[in-house]
Amino acid sequence: MARLPGWALPWLLLFWLLPAAEPVAVMSVDVGSESMKIAIVKPGVPMEIVLNKESRRKTPVAVSLKENERLFGDSALGMSIRTPRVAFRYFQDLLGKRIDNPHVALYRSRFPEHELVKDETRQTVIFKLSPTIQYSPEEMLGMVLNYSRGLAEEFAEQPIKDAVITVPAYFNQAERRAVLHAARMADLKVLQLINDNTAVALNYGVFRRKDINATAQVGCCGGESLLSIFHYNVLFWGQPFLVSVITPLFIRLLRFDRTLGGLEMELRLRDYLAKLFNEQHPSKDVRKNPRAMAKLLKEANRLKTVLSANADHVAQIEGLLDDIDFKAKVSRQEFEDLCSDLFKRVPGPVQQALSSAEMNMDGIDQVILVGGATRVPKVQEVLLKAVGKEELGKNINADEAAAMGAVYQAAALSKAFKVKPFIVRDAAVFPIQVEFTREVEEEDKSKSLKHNKRILFQRMAPYPQRKVITFNRYTDDFEFYVNYGDLTFLNQDDLRVFGSLNLTTVRLKGVGDSFKKHSDYESKGIKAHFNMDDSGVLSLDRVESVFETLVEDKLEEESTLTKLGNTISSLFGGGGPTPETGENLTDSVQEEEESLAETGKEEQGEKQDQKSSTADAGEEQEQEKQQSSGQAETASPKAESQRKEEGEKLEPQVNLFPCLRTETAKEEEPSKSSSDSTATKTEEEKIKVPKKQKLVHEITMELDVNDVPDLVEDELKSSMKKLQDLTIRDLEKQEREKSANSLESFIFETQDKLYQEEYQFVSTEEQREEISKKLNEASSWMEEEGYAAATKELKDKLSELKKLCRNLFFRVEERRKWPERLAALESLLNHSTIFLRGARMIPESDQIFTEVELSTLEKAINETTIWKNETLAEQNKLTPTEKPVLLSKDIEFKIAALDREVQYLLNKAKFAKPKPKREKNATKTDSGKNTTAAPETENTIPPTEGKQEDKPEDIDPAKEPPTAEKAAIDDKPGSDSGSKKEKAEAGGESRKNDEL
């Protein structure tokens, strides 16, 4: 047995260790207030909107939860009219909210049919359907995300795991964490939570790169009064009427109005329609009927859309209440009067954003509308007047722009796709600060507590970003607080909806032990490392106690093997030995911080942005260090030299090829003997100054979340299992419904077939009665017991009926196939016979087929003809109700066998080369007889005429003396030259024939 070479073994092992190919498609979900849009990217399909089961490009965000039925999208929307209590919409407003939040009370007033109860553990909201069934808003959103993934996987025809989800830019930390929890319940890997206004700006910039210069400012205005200003300076006015200002792609400023949007307009229109109905029917009160109010809300949504294009329209609902039809004419002016106070609030975010950004509309190149509510004519009119532009930008798809921008970001973050780099730097809308209390000594030497605040992330600070806060005055365990900063830019209503301003309480343990353990070291403070990731979620990575000491730099003699090992490790391990854990870490915290910040920025793909952001982070970090220490301490030259020394330590330069030296090294190398250089090195080692070394001690931390407690791991697993059980139940239900439908349709179709002529022709009366009896029994069983039967029982019943009818269906199917199959066989026999006859008529000199090949074809034709005639004769003897002996599969087999023989000969004829033809040579007169040239001349290749002319005459070989006959022939005029020419032509022709 052959053995594998030694070099092949590692590659073979690597092949087996490689993981199985994973799906590479990614998706984005733009979860709006009313509907969601899903987009995917997969190999061969760049950025495509997913169609739902109704072939629509957007799907309503609605979930219907009955006892054993769960519906989504349009089906759930229909259920909201029939059974409003089990249909849930607009639950995104309850994410990350405590039960006492004003938004919860507003939701109750808008949808009184839902029962909201308090979660005793987290103090949040729970939808209660029954004493045993209840769901949190996170679980509701998880169901929607899982449903969206199902649609995307069906559209992409492959599994999908990675996703980018859009969220409103005004979502705070609790709300963003709630979305991440919902995605985890749906078993989705979230690549990033991207702000919807940022996704719109990304979509705008990606497809309009050539139209955007370095100073372009774009403003985006949307449906819940959200204004974003982006730098390519264009203004986006989008839902939720939020305004923000951005730079390629940097968020510069953002303003919003959470309660201003399309839903509020629809609710006012619904209440107006209810008022009109009550006026038409004074004895009725439609407001007390949840089903009637749900119908009015649906009609208000349709009416709002129609009034955007028409001056007036008739609202009509059949059987609104107690079988009473409702019909009323509503004009656009009436609608605008109902929402007049809402329209007055539209310019507010625009003016606030421009004021805070210290710019005016002259600096805005374009104002672009985003979101469904911006289609209301009055909104556009008020906004156009506020911005003072000639027109508003409508050159992007207001519904799909966010989903398309988000899926582009998903492709950029995925390792499976390569896209053009586009910098995306979002901004933290709400500032975050660190607060702590420490003892200070007053002038009278008395001690008092002083409360300190240090800004961690300023308002509109770009993220992703890492920050470090240093505490220099603590030598024992202590605690500090992470809270929101100055939120005075929010009005009182927004502040009440915002929730708790306190984020986290951090308790540090082990600080005193670290100081006792390293009492002979100089403390450099307690450093807390914070990270705001791509999703805008803040986390505390670690807390360390950093110490510093002076160590002598001892140079040990290294062996050749050690040097070689260090060289190889520098290639694969980063240039140095692996640092030990815990207190033996010697890396500089400052250097580590900067490298981490750079890593986060490298993901965006722009070096220039990395340098500027790193510089900003370094300056703010030094500022925070000075403020937190409480001393007038500045970066001394000594610290600078220390930083340089540490930098040199962290970046050792290893010469991988000592025999190769650069020109610079040659110029700087002193021209001394080897003994002199050795002496100089020894003297330098003696006068070397001790270097500073940093030790890092990990500090244990305990976190208490103060705004909205996170779901613990057990609660998350419980919610995941709950949703998985619902999904399994839905799949089982779909499978059972499919089996029941198949059984029912088979019964009806077969009962109808028994009366068709072709089925009666091949069956007896007794056979049909037996089948009909079984079908009637199955139909009765379906009506009485089938509704509660299990899936397996339904499948078994269907299999039993199919087995009973199998022979009948087989005979009918065979008779349907006979005409076509027999006609094809007869045609092939005729053509094959004609082909064989023609092949045998080819002359023997030109024949390209052998006798064996022609005999084989003739045998196949004869055998097929005999089989056909005998089988038909045997079949004609049988009655139509008996099992046929002439089978369509046998006919197909005979056709294939005969066609294979014919095709073989046809292919041979197609590629065969014609045989060379023998042409008669010039004749010669010999004793009065015509004699042809000798056959040997055909294989003779005479010299060309040119070569004959080049030869001198005196070099011709000696010729035999001519005889009397030859002399007589030669004496004839022209005989010599004529014979030479004929021989040359004959020789040339024979050479051509040989070559052919």
task = Scan region 470-510 for chymotrypsin sites (Phe, Trp or Tyr not before Pro) in coil per DSSP, keeping those whose Cβ has at most 16 other Cβ atoms within 10 Å, and list them by number.
result = 489
Additional length obtainable on full extension of the chain from residue 550 to residue 110, 0.36 nm per residue less Cα span = 151.5 nm
request  = Just subtract the alpha-carbon distance of residue 911 and residue 539 from 0.36 nm times their residue separation and send over the number in nm, one decimal.
outcome  = 126.4 nm
query = Hey, what does the equivalent ellipsoid look like for region 296-359, semi-axes from the Cα gyration tensor as sqrt of 5 times each eigenvalue, largest first, whole Å?
reply = 36, 12, 9
Sites residue 785 and residue 120, calculated FRET efficiency, Cβ-Cβ separation with R0 35 Å, nearest 0.05 = 0.20
message = Could you report the accessible area of residue 513 in Å², rounded to 10, computed with a 1.4 Å probe on the protein chains as they sit in the structure?
response = 100
task = Mind giving me the FRET efficiency for residue 770 and residue 57? R0 is 51 Å, r the Cβ-Cβ distance, nearest 0.05 is fine.
result = 0.45
note = For region 126-169 the GluC sites (Glu not before Pro) that pass both the DSSP coil test and the at-most-15 other-Cβ-within-10 Å test are 157
inquiry  = Suppose we look only past 13 Å in the calculated P(r) of region 394-449. What percent of the Cα-Cα pairs does that tail hold?
reply    = 77
request  = In whole Hz, with x marking every Gly and Pro, tabulate ³J(HN,Hα) for region 849-863 from phi via Karplus 6.51 cos²θ - 1.76 cosθ + 1.60, θ = phi - 60°.
outcome  = 9, 7, 5, 5, 5, 5, 5, 5, 5, 5, 5, 4, 5, 5, 5
ask   = Which whole-Hz ³J(HN,Hα) couplings does region 419-427 yield from phi under the Karplus relation 6.51 cos²θ - 1.76 cosθ + 1.60, θ = phi - 60°, glycine and proline marked x?
value = 10, 5, x, 9, 5, 10, 10, 7, 10
message = Could you tell me which residue out of 395, 502, 490 lies farthest along the dipole of region 395-521 toward its positive end? Charges go on the beta carbon: Lys and Arg +1, Asp and Glu -1, centred on the Cα centre.
response = 395
message = If I stretch the segment between residue 849 and residue 501 completely, what's the gain in nm (0.36 nm per residue apart, minus their alpha carbon distance), one decimal?
response = 115.7 nm
message = At R0 = 51 Å, how high is the FRET efficiency between residue 271 and residue 361 if r is their beta carbon distance? Nearest 0.05 is fine.
response = 0.90
remark   = Hits in region 746-767: amide N under 11 Å from the 7 Å Cα→Cβ extension of residue 815, namely 756-764
ask   = Classify region 371-471: rounded, prolate or oblate, from the alpha-carbon gyration tensor (a ≥ b ≥ c, eigenvalue square roots; a/c under 1.5 rounded; otherwise prolate if a/b is larger than b/c)?
value = oblate
Neighbour cut-off at most 11 other Cβ (10 Å), DSSP loop, GluC sites (Glu not before Pro), region 363-395 = 390, 391
key: Label point distance in nm, residue 45-residue 856, each placed 7 Å from Cα along Cα→Cβ   = 4.8
note = Residue by residue through region 517-529, the couplings from Karplus 6.51 cos²θ - 1.76 cosθ + 1.60 with θ = phi - 60°, in Hz, x for Gly and Pro, are 5, 10, 5, 8, 9, 8, 7, 10, x, 9, 10, 9, 9
ask   = Relative contact order for region 249-379: what is it in percent, counting Cα pairs under 8 Å that are at least 6 residues apart?
value = 27
query = So who's got an amide H within less than 5 Å of the one on residue 426, skipping anything under 5 residues away but keeping other chains? H placed 1.01 Å off N, in plane.
reply = 463
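The values are calculated or read from the model by the stated rules, or taken from the named source; none is laboratory data. Computed from a prediction, not measured in an experiment: that's the story for all the values here. Cβ atoms come from the backbone with ideal geometry, glycine included; neighbour counts cover every protein chain shown. Each accessible area value is taken on the protein alone, full model and side chains, heavy atoms only, with ligands, DNA and RNA left out. Shrake-Rupley method; radii C 1.70, N 1.55, O 1.52, S 1.80 Å.
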